[in-house]
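*Asks:* Here it is, the structure in full.
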Amino acid sequence: MESPLTVGKKQVLTKAERRNELWRKIKKNKWIYLMIAPGILYFFVYKYIPMYGLIIAFQDYKPYLGITGSEWVGFDHFRRLFADPDFWMIFRNTLVLFALQVCISFPVPIILALMLNELRNRAYQRTIQTVIYIPHFMSWVVIVSISYVMLTLDGGIINNILRSLQFDQINFLLNPDWFRPMYILQIIWREAGWGTIIFLAAIVAVDPQLYEAAKIDGANRIRQMWHITLPAIRSVIIVLLILKIGDVLELGFEHVYLLLNSSNREVAEIFDTYVYTAGLRQGQFSYSTAVGFFKGIVGLILVVFANWLAKKYGEEGIY
Amino acid sequence: MVGDKTISSRIFNATNMIILGIIALLCVLPFVHVIGSSFATGAEIARRSFLLFPTEFSLDAYRYIFSTDTIIRSLGVSIGVTLGGTIWSMLLSVLTAYGLSRRDLVGRRFLMFFIVFTMLFNGGMIPTFLVVQQTGLIDSLLALVIPVTINAFNMIILRSFFMNLPAGLEESAKIDGCNDFGVLFRIVIPCSLPAIATISLFYAVTYWNTYMHAILYLNDPNKWPVQVLLRQIVVLATGINYDGAEYTSVPPPEISVKMAVIVVATVPVLLVYPFLQKYFAKGALIGSMKG
């Protein structure tokens, strides 16, 4: 068959020629495929095979029988899940901690970024920024350990101060009432400074003329923040909020696991810590996989929903 | 015109500066307290309720924790995992990011989706544990590295950076006879050093801080990285002589020992930080704005 080599007109290619063209492109990039192969293999083995492994949630998985040999039990584990009072306790704890994160720790970096942006002394601004990023690079173990040595009844600095001010000492580490405040304060301490980076960048990109116009209209600094800066960074806030919602059930295994003890379990046990204890500690592989599966599905649905909602209101969303 | 010189504006500035100053202090004071107490003598800790800088300087706590192999061994594990893991992760991340940054690559959109989807949904702890077990990594230090080889987010930041390099660079290198690997290693990487440095440090910090994978996959206490040891000593208060080692010196007060272990587990990150802070901020921006 003669190939159409007309210049200036759109080429009409036959199926075979299109396939050849595709092959040519793929062959041209054979080294590139070789480059990405190890990376893709990694994602396949350690991300996609575990997704396939989720089917043990529908089996009575026995390690010596494997996935192919274990008996199928359908939705039994899920039925047990919804009948288990512990499950609802964990569900409630997860939701409460998530709500605290969205309502309390999420807005803190936005406020901090607004305040930092108002600093007129650049050197002071840079110093503050440098300092507030530091805790982000500490592990949760370090953050929790520092809290422990400061909060312990046994000579911790906070209780020493309380005592010298004639207040009662507080057992922060074992008292369930203190778990949530401690959890959220640690998150703010570790992440708030780091979180300002993105908001600050968005604020710097705001057109300065808008501020000039507002000043002429007599807006003071607070009003300028409210009516110009905040609306200008709205889309960034929304994208980050969607991402946060996507993490709804990813509250951080490490952080909670480190704070968890038998006296605050009522308020501290979340899906991840429960999966760890029930699954790896007690060997209930199938049941705890069902718990994890439930968590993953809820998270996926929420992020899709949040994204849809953002798009509906004219924002970009994350995909 | 309402300028920056009005009284209300000055009050606003002053309040703002003071509040931010206090916040910054709250971020660092706990660290100062921990470092200060780790160098204090037992008598001073008992006497003073609020200690930032010790008046009598003492190295007893450090002498004590370094008098057995326990800490040294776990520091060795952490350093090895951090160095090896960072090199391994960067190699694979750069290769993948560069490949996927090439606009003429057939199947690129599908492969990106294949990777991004893993950020939205994953198999979770137990199925992942089973795969790690099947691949023979339980109780091997490789378990801290191989299952987290590429962080999808880091890879995407690198890829955005590569995509923003001028297209002419690649073409001229190819005309000069470079193949794709040549282009990557001779042209693209040298031109991307800020991004490479940033992402390397993200990986290094993650590996230094690794904890969860160690408790999931390592049963042998001799292989514990320093973060796991830190938890044993501070949170569980099991002491550092779990292996029954003999101590040569008299134990200093428990609290300054705990402080010293926290310092040891933190110092490497603190050392790296001031030099590379500017890169961290830049790198995080590339990712957030163009991800």
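*Asks:* Which aspartates and glutamates, if any, have their Cα less than 17 Å from the Cα of B:K174, not counting same-chain residues under 8 positions apart?
*Replies:* The reachable aspartates and glutamates, counting only those whose Cα sits under 17 Å from B:K174, are B:D104.
*Asks:* Calculate how large, on average over all directions, the projected area of the Cα convex hull of region B:4-67 is; give the answer in nm² to one decimal.
*Replies:* So the Cα hull casts an average projection of 6.3 nm².
*Asks:* If you don't mind, another one. Cα atoms only, chain B: Rg and Dmax in Å?
*Replies:* Both quantities, over Cα of chain B: 24.4, 76 Å.
*Asks:* May I ask for the equivalent-ellipsoid semi-axes of chain A, computed as the square root of five times each C-alpha gyration tensor eigenvalue and listed largest first in whole Å?
*Replies:* On the way: eigenvalues 375, 284, 68 Å².
So the three semi-axes of chain A are 43, 38, 19 Å.
*Asks:* Would you list the P(r) distribution for region B:99-237, with all Cα-Cα distances sorted into 5 Å bins from 0 and each bin expressed as a whole %?
*Replies:* Histogramming region B:99-237 at 5 Å steps yields 2, 8, 14, 15, 15, 14, 11, 9, 6, 4, 2, 1, 0 percent.
*Asks:* Measure nothing but the geometry: give the 0 to 90° angle between the long axis through the Cα atoms of B:108-120 and the longest principal axis through the Cα atoms of chain B, rounded to 10°.
*Replies:* Helix B:108-120 sits roughly 20 degrees off the main axis of chain B.
*Asks:* Which translational diffusion coefficient, to the nearest whole µm²/s, is obtained for region A:53-95 from the Stokes-Einstein equation, given a Kirkwood hydrodynamic radius over C-alpha pairs, 10 °C and 1.306 mPa s?
*Replies:* The Stokes-Einstein estimate is 137 µm²/s.
*Asks:* To continue, here is another question. I want to verify the translational diffusion coefficient of region A:252-319 in µm²/s; compute it with Stokes-Einstein, Rh as the Kirkwood radius over Cα pairs, at 10 °C and 1.306 mPa s.
*Replies:* 114 µm²/s
*Asks:* Filter the cross-link list A:K62/B:K223; A:K215/A:K244; A:K47/A:K244 down to pairs whose alpha-carbon distance in this structure exceeds 30 Å.
*Replies:* Numbers: A:K62/B:K223 28 Å; A:K215/A:K244 35 Å; A:K47/A:K244 21 Å.
Pairs exceeding 30 Å: A:K215/A:K244.
*Asks:* Along the principal axes of its C-alpha atoms, what lengths does region A:55-196 span, in descending order and rounded to whole Å?
*Replies:* 67, 41, 28
*Asks:* Between A:I245, A:I161, A:I56, find the one with the highest GNM mean-square fluctuation for chain A; connect C-alpha pairs within less than 10 Å.
*Replies:* A:I161
*Asks:* What's the Kirkwood radius of the protein assembly as shown in Å, using all Cα pairs?
*Replies:* Working: mean 1/r = 0.0368 Å⁻¹.
It works out to 27.2 Å.
*Asks:* To continue, here is another question. With equal scatterers on the alpha carbons only and no solvent term, can you work out the Debye log10 of I(q)/I(0) for region B:62-110 at 0.17 1/Å?
*Replies:* Here log10 of I(q) over I(0) equals -0.64.
*Asks:* Would you mind pulling out the separation of the Cα centroids of region A:182-212 and region A:292-316, in Å?
*Replies:* Cα centroid of region A:182-212 versus Cα centroid of region A:292-316: 24 Å apart.
*Asks:* Next question. Can you list the HN-Hα couplings for region A:226-242, worked out from phi with the Karplus curve (6.51, -1.76, 1.60; θ = phi - 60°), rounded to whole Hz and with x for Gly and Pro?
*Replies:* For region A:226-242, the Karplus curve yields 5, 9, 10, 4, 4, x, 5, 9, 3, 5, 5, 4, 5, 4, 5, 5, 4 Hz.
*Asks:* Further, regarding this structure: Sticking to Cα atoms, compute the Rg of region B:120-163 to one decimal and its Dmax as the biggest Cα-Cα distance, whole number, in Å.
*Replies:* 13.5, 39
*Asks:* So for region A:73-131, what are the equivalent ellipsoid semi-axes in whole Å, largest first, each being the square root of 5 times an eigenvalue of the Cα gyration tensor?
*Replies:* Working: eigenvalues 438, 22, 12 Å².
Each semi-axis is the square root of five times an eigenvalue, giving 47, 10, 8 Å.
*Asks:* If the cut-off is 16 Å between C-alpha atoms, which lysines fall inside it for A:K15, apart from same-chain ones fewer than 8 positions away?
*Replies:* Partners within reach: A:K25.
*Asks:* Oh, and also: Against the longest principal axis of chain B, how steep is helix B:193-208, in degrees 0 to 90 to the nearest 10, with axes from Cα atoms?
*Replies:* 40 degrees
*Asks:* If all Cα-Cα distances of region B:1-130 are sorted into 10 Å bins from 0 onward, what percent lands in each bin, rounded to whole numbers?
*Replies:* With 10 Å bins starting at 0, P(r) equals 9, 15, 18, 18, 22, 16, 3, 0.
*Asks:* Among B:V205, B:V94, B:V188, whose mean-square fluctuation peaks in a Gaussian network model of chain B (Cα, cutoff 10 Å)?
*Replies:* B:V188
*Asks:* Translational diffusion coefficient, Stokes-Einstein: compute it for region A:172-219 using the Kirkwood radius over C-alpha pairs as Rh, at 10 °C and 1.306 mPa s, and state it as an integer in µm² s⁻¹. Can you show the working numbers first?
*Replies:* On the way: Rh = 14.0 Å.
It diffuses with D of about 113 µm²/s by this estimate.
*Asks:* So, one more: Quick one: work out Rg over Rh on the C-alpha atoms of region A:23-64, Rh as Kirkwood radius.
*Replies:* Rg/Rh for region A:23-64 comes to 1.30.
*Asks:* May I pose another question? Compute, for chain A, the length of the dipole vector about the Cα centre, with Cβ point charges of +1 (Lys, Arg) and -1 (Asp, Glu) only. Units Debye, rounded to 20. Let's see the in-between values first.
*Replies:* Working: 31 positive and 24 negative charges, 318 e Å.
Dipole size: approximately 1520 debye.
Taken together, the values in this text are just the output of simple stated rules run on the coordinates, not laboratory data. Keep in mind it's a predicted model, so treat the numbers as computed, not measured. Glycine also receives a Cβ, built like all others from the backbone with ideal geometry; neighbour counts cover every protein chain displayed.
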